[in-house]
1. Hey, any idea what the orientation-averaged projected area of the convex hull of region 2-251's Cα atoms comes to, in nm²?
2. Using a 7 Å offset from the Cα along the Cα-to-Cβ direction at both THR13 and LYS69, what is the distance between the two label points in nm, to one decimal?
3. Note down the magnitude of the dipole of the chain about its Cα centre, charges +1 on Lys and Arg C-beta and -1 on Asp and Glu C-beta and zero elsewhere, to the nearest 20 debye.
4. Where the only charges are on Cβ atoms (+1 Lys, Arg; -1 Asp, Glu), what is the dipole of region 1-86 about its Cα centre, to the nearest 20 debye?
5. Taking +1 at the Cβ of each Lys and Arg and -1 at the Cβ of each Asp and Glu, which of ILE176, LEU148, TYR48 sits farthest along the dipole of the chain towards its positive end, judged by Cα position relative to the Cα centre?
6. What is the sum of charges, Lys and Arg at +1 and Asp and Glu at -1, for the other residues whose Cβ falls under 10 Å from the Cβ of TRP17?
7. Which FRET efficiency value, to the nearest 0.05, is calculated for LYS119 and HIS30 with the Förster distance at 35 angstrom and r the Cβ-Cβ distance?
8. How much of the DSSP beta bridge set in the chain is antiparallel, as a percent to the nearest 5?
Amino acid sequence: MSYNIKYDNVNDTVNNWNFRKEAMVRLVQHYGPQFVGMQEVLHHQLAYLDQQLPNYAYIGVGRDDGKQKGEYSPILYNSQYFELLRTNTFWLSPTPEKVSKGWDAALERICTYGLFKEKSTGKELYVFNTHFDHIGTEARKQSVNLILQQIKAVNTQNLPVVVTGDFNLEPDSEPIQLMQAGMTDAQHATQQPFYGPTGTFNGFDPNMVLDRRIDYIFVENLEVESYLHIDDRMKNNMHISDHLPVLAELGME
């Protein structure tokens with residue numbers, strides 16, 4: 001699952017985190033993904049989710065200081081089924097190993113990844129999760145190149161790879177097409193027909209036509225059994241976040 005949960009912003013008034021967080025926990029529990037790449041997660045939001053989802057552990061750091069400050073792009077994983085072998089976070093910039101803003105980006109942006117082992121089979125896979133800049137045109141293009149380079153550098157055994165993320169870009173944009181050339185867009189490879197609204201961004205507007213796809217799951221060396229955009233809402237018809245979660249069912253060969 002890829003899920004931008006919207007950072008806790010007091011200006012969200014009726015869409016405040018405190019009104020949404022319980023529904024979000026129920027959504028994750030209901031669909032039961034083994035991995036959730038989240039975006040826009042502040043430390044106290046992560047602490048809440050960690051407490052409420054006891055089967056999951058998480059990896060990730062805050063983008064402002066590499067510790068707990070600023071937004072995380074964490075990966076929650078089901079620790080009953082998967083063991084973490086190693087993890088790292090890099091910044092989407094020419095100096096990825098340190099806290100930095102890249103190219104024409106407005107903000108610091110990061111990618112967190114982990115190497116995981118399935119406990120029952122011993123099979124390993126990489127999961128990467130990212131959140132691209134919302135302003136920088138060059139930054140978004142270079143971020144694709146950097147992520148593909150980093151995958152190539154660490155994945156010397158040609159293991160399965162998943163990349164989840166809010167790319168802040170629609171499918172016809174150059175960076176997404178670069179990403180689709182480097183990896184498989186899981187929506188394009190699904191064996192069952194794609195299900196759900198075309199888009200993933202809702203802006204907390206219950207009446208918005210959902211046609212802006214900006215959240216994605218990309219894969220390498222994995223079968224894609226199904227791919228969904230989940231438009232589940234709260235009892236009052238309000239959205240749980242200003243993005244829809246994206247869910248892919250994947251098979252390791």
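1. On the way: hull surface 50.1 nm².
Spelled out: convex hull of the Cα atoms, projected over all directions, averaged, 12.5 nm².
2. Computed distance between label sites THR13 and LYS69 equals 3.2 nm.
3. Details: 21 positive and 32 negative charges, 114 e Å.
Roughly 540 debye, rounded to the nearest 20.
4. Numbers: 8 positive and 9 negative charges, 16 e Å.
Approximately 80 debye in magnitude.
5. Checked the options; the winner is TYR48.
6. On the way: positive: LYS6, ARG20, LYS21; negative: ASP8, ASP12.
Cβ neighbours under 10 Å give a net charge of +1.
7. On the way: r = 23 Å, r/R0 = 0.66.
So, using R0 = 35 Å, E works out to roughly 0.90.
8. Working: 42 of 52 bridges.
In the chain, approximately 80 percent of DSSP beta bridges are antiparallel ones.
Values in this text are rule-based calculations from the coordinates and carry no lab data. Remember, predicted model here, so these are calculated numbers, not experimental data. Every residue, glycine as well, gets a Cβ built from its backbone with ideal geometry; the counts of neighbours run over all protein chains shown.
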